[in-house]
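K.L.:
Below you will find the structure I want to go over with you.
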Amino acid sequence: MTTPTTTTDNLFDVLERRGMVAQSTDDKIRERLSKPVTAYIGFDPTADALHVGSLVQMMLLAHVQRCGHKPVVLVGGATGLVGDPSGKTEARRMLTPETINHNARSIAEQIGLVVRFGDGPTDAVLVNNLDWFGSMGWIEMLREVGAKMSVNRMMSMESVKGRMSGDSDAASGISYLEFSYMLMQGYDFAHLYKHHGCTLQMGGQDQWGNIVVGIDLGRRLHNADLAGLTTPLVTKSDGGKFGKSEQGNVWLDKDRTSVFDFYQFWRNVSDADVGRFLGTFTFLPMDEVDELAGAEGKAINESKVRLAYEVTKLIHGESAADEARDSAERAFVSSSSSSSADFTGEAIPHDTLDAAELEAGVGLLALLVRAGLAKSNSEARRLVQGGGVRIHDAKVDDPMRTVNADDVADGYILVRAGKKRMFRFNVG
RNA sequence: GGGUGGUUGCCGGAGUGGCCAAACGGGGCAGACUGUAAAUCUGCUGGCUUAUGCCUACGUUGGUUCGAAUCCAACACUGCCCA
């Protein structure tokens, strides 16, 4: 990793400078953070992998650690069994405890990429709220928590209001189960305060309401003085959804999103987003970030390369990042002088193609589907007819074409869909 | 429990017996232009080895009809109002 922020830096200043603060509970938060605190963020175990959307929270935890505080990773095993109403228009599908356990482990592993776990004073610890909710009975819950919560208060929260209001837009009702979600999440904070000395909860802007409930509950139950801090929702300047690429979600796991695609995701961000993303998703010093973000015109591409490289390095390691960068370089920058292009890197999605099979000839459409560049033959056909497919550098426009040994060059066949997507078949 | 709406493709949303694989918008993909950007313009956007063809699809099941997303019945789910 790059030079760590020195532990004397105030976490709040660091985060604010990096554009990672949307809202915080009080202006005394700097003061609070002048002494080491324990801070937590909750993660939903709804999938066994995290995508780039969660990267913000991961970075947040990393900064917590770097500034000398103790990060706590809360996996919502119990809350995951309930479903978060925030920002969803419909109830989340429920999961089995086994699945959640499995997911929790995978998630912690990925958070471990940027945060150090262990027993030291600033080492991160992992907790699962199923550990305290699992054994808690209905009566206890009502007396402990229910008695302290105002329904009026909960009803006035944005996430609930949207689901309740009659005539208007996305009213789809809210079940009691979901309604209780914020209660559980609020209780988490109180519990973590009591058992881990946790006084700060962080999260995305959409979690603000839940965080505030937790602060309230902490005060009522334990007379605790708690604080909250949220990060801005990561948006793209063009209004699109952050974290989606041509292939769907961008995952941190290389088996779900290849290193090459991961790199490309960052390489392809809009000009206007470069600075913000550098601040949020890398540990580069802000002076350098500002300089990179200030690049004008074509020069901004260098900054994008840097962004893509740094983030890829963080998640997939240096050698993978080097390779992704080099592959991309060769694939895009020097594509005019095609003969020199080299697409053999591991980073580019690839598979092997049987030589014997090739001898018989493989349908182009089938090959596109096999490469995952099209979901069906029809889609592949449209792609070809639309002029979006190339084999190596030659455009092919006949959907009926078959691919055979003549198409092999340097031991592989490179199929490209559009400018940016490609798939290599190694022949062997 | 009573009343009353709704359920259409990835999403939103038209369509109230044939001209419906289903308007329009969004999103997505591709092409042109570019800087692997944005904006703009153009094409495509259920599946089938491409077909004046077939299949699957308008909540589910059954019915009426030469013909149903459209009509009828039951069921399911869901919104709202009243208790």
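The values are calculated or read from the model by the stated rules, or taken from the named source; none is laboratory data. None of these values were measured; they are calculated from a predicted model. Quick reminder, even Gly has a Cβ in these numbers, built from the backbone with ideal geometry, and neighbours come from all protein chains shown. The area values use the complete protein model at the heavy-atom level, side chains included, leaving out ligands, DNA and RNA. Shrake-Rupley method; radii C 1.70, N 1.55, O 1.52, S 1.80 Å.
K.L.:
In region A:312-349, which residue that is at pLDDT below 75 and in a helix (DSSP H, G or I) is nearest to A:Lys298 (Cα to Cα)?
P.N.:
A:Val333
K.L.:
Separate question: Being part of a loop (DSSP other than H, G, I, E, B) and surrounded by 17 or more Cβ atoms within 10 Å (Cβ to Cβ) is the filter here; which residues of region A:397-411 pass it?
P.N.:
Once the filter is applied, which keeps residues that are part of a loop (DSSP other than H, G, I, E, B) and surrounded by 17 or more Cβ atoms within 10 Å (Cβ to Cβ), region A:397-411 yields A:Pro399, A:Arg401, A:Val408.
K.L.:
For region A:384-396, give me the residue count where each residue is within 8 Å of RNA strand B (Cβ to nearest atom) and open to solvent by 40 Å² or more (accessible area, probe 1.4 Å).
P.N.:
3
K.L.:
Which residues, taken from region A:350-364, are in contact with a strand residue (DSSP E or B) (Cβ under 6 Å, 6 or more places away or on another chain), not aliphatic (A, V, I, L, M) and not in a strand (DSSP E or B)?
P.N.:
A:Gly361
K.L.:
Might you let me know whether region A:331-340 holds any residue that is among the hydrophobic types (A, V, I, L, M, F, W, C) and more than 8 Å from RNA strand B (Cβ to nearest atom)?
P.N.:
no
K.L.:
Follow-up question, since we're still on this one. All but one of (1) open to solvent by less than 10 Å² (accessible area, probe 1.4 Å); (2) touching an Asp or Glu at 6+ places or on another chain (Cβ under 8 Å) hold for A:Ala417; state the number of the condition that does not hold.
P.N.:
Unmet condition: (2).
K.L.:
Name the single residue, out of those in region A:281-305 being β-branched (Val, Ile, Thr) and buried (at least 21 other Cβ atoms within 10 Å of the Cβ), that is nearest to A:Gly317 (Cα to Cα).
P.N.:
Applying the filter and picking the extreme gives A:Thr282.
K.L.:
Also, I was wondering about something else. Are there any pairs, at least 6 apart or on different chains, whose C-beta atoms fall under 6 Å, with the first in region A:363-382 and under 15 Å from A:Arg424 (Cβ atoms) and more than 6 Å from RNA strand B (Cβ to nearest atom) and the second outside any helix (DSSP H, G or I) and of a type in the set (A, V, I, L, M, F, W, C), and if so, which?
P.N.:
Correct list of pairs: A:Leu367/A:Val403; A:Leu368/A:Ala374; A:Ala371/A:Val415; A:Ala371/A:Phe423; A:Leu373/A:Ala417; A:Leu373/A:Phe423.
K.L.:
Continuing with this model, one more query. Looking at region A:174-214 only, could you name the residues that are of a type in the set (Val, Ile, Thr) and open to solvent by 20 Å² or more (accessible area, probe 1.4 Å)?
P.N.:
Once the filter is applied, which keeps residues that are of a type in the set (Val, Ile, Thr) and open to solvent by 20 Å² or more (accessible area, probe 1.4 Å), region A:174-214 yields A:Ile174, A:Thr199, A:Val212.
K.L.:
What are the residues in region A:41-65 that are assigned to a strand (DSSP E or B) and open to solvent by less than 20 Å² (accessible area, probe 1.4 Å), if any?
P.N.:
Listed by number, the residues that qualify are A:Ile41, A:Phe43.
K.L.:
Let me ask another. Go through (1) modelled with pLDDT of 90 or more; (2) touching a Ser or Thr at 6+ places or on another chain (Cβ under 8 Å); (3) under 30 Å from A:Phe179 (Cβ atoms); (4) not in a helix (DSSP H, G or I) one by one and return the number of the condition A:Gly68 breaks.
P.N.:
Here A:Gly68 meets the rest and fails (3).
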